[in-house]
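Take a look at the structure below.
Derivation of every value follows stated rules applied to the coordinates shown; laboratory data play no part. What you see is a predicted model; the values in this text were computed from it and never measured. Note: ideal-geometry Cβ built from the backbone for every residue, glycine included; neighbour counts use all protein chains shown.
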Amino acid sequence: MQDLTEGVARFRQDVYPAKAELFAHLAATHRPTTLFISCSDARVVPELITQSEPGELFVIRTAGNLVPAYAPGANGVTASIEYALAVLGVTEIVVCGHSACGAMTALAEGHDLSGAPVVAGWLRHADAALARTAPGDVAALVRHNVLAQLTNLATHPSVARALAQQKLTLRGWVFDIATGHIEELDTAGTGAAPAA
Ligand code: ZN
């Protein structure tokens, strides 16, 4: 799309009327069932790859789909997680990594990030995943990173509570941009799987 204004006009004219009833319902209702956490990467579009309608996904997107482990104090990611669980009552969280992730590539290949110091600092939340990955293996790091972020998620009190009450399922996905394939990862051992 070249021009956002053109896109908005097309939405108003063609797309919105077809979904007018849905939007009228959603105007007073917000009950998503899934918290979807993905990378900010423009090629990963949660609603498109899951074919979800407006109102169905509560979305957090961060560089590298990183979820910092819980620490007391307010930040945007933690607040959105807590809101999704404690207020909206979502019953499923998906952490979705993807192929050719710039963040994971930079880490796996040891790129110089001195020109982006905040990015470099943020990517430290992938240190545990990096420690498990052979140098240069981007695809493995993408997978290890999704699992590590599920482990981080489980440290958030709102998530821990819902898991303890068996009201929540955590899932790890990897989206392959070239093929459109979505791989479901085995979450055993992340703290995300229910205790046996
Ligand atoms: Zn990415």
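What to note about this one:
- Where both bridge residues fall in the chain, DSSP classifies roughly 20% of the beta bridges as antiparallel.
- Listed residues Q149, Q13, Q165, most fluctuating in the chain (Gaussian network, C-alpha, under 10 Å): Q13
- Rounded D (µm²/s) - the chain, Kirkwood Rh over Cα pairs, Stokes-Einstein at 37 °C, 0.692 mPa s: 183
- In segment 90-196, GluC sites (Glu not before Pro) in a DSSP loop with at most 14 other beta-carbon atoms within 10 Å: E109
- For a modelled paramagnetic label at S40, 7 Å from Cα along Cα-to-Cβ, the residues of segment 53-88 in reach, with backbone nitrogen under 12 Å, are 61-66.
- Environment charge of V87, counting only residues whose C-beta is closer than 15 Å and scoring Lys/Arg +1, Asp/Glu -1: +2
- Summed side-chain charge close to V142 - residues other than V142 whose Cβ falls under 11 Å, Lys, Arg +1, Asp, Glu -1: -2
- Since only P68, F58, A160 are under comparison, the one whose Cα sits farthest along the positive direction of the charge dipole of segment 46-169, derived from C-beta charges on Lys, Arg, Asp and Glu, is A160.
- Most mobile listed residue (P117, P46, P72) in the chain, GNM with C-alpha springs under 10 Å: P72
- Comparing mean-square fluctuations of D186, D112, D176 from a GNM of the chain with C-alpha springs under 10 Å, the top value falls on D112.
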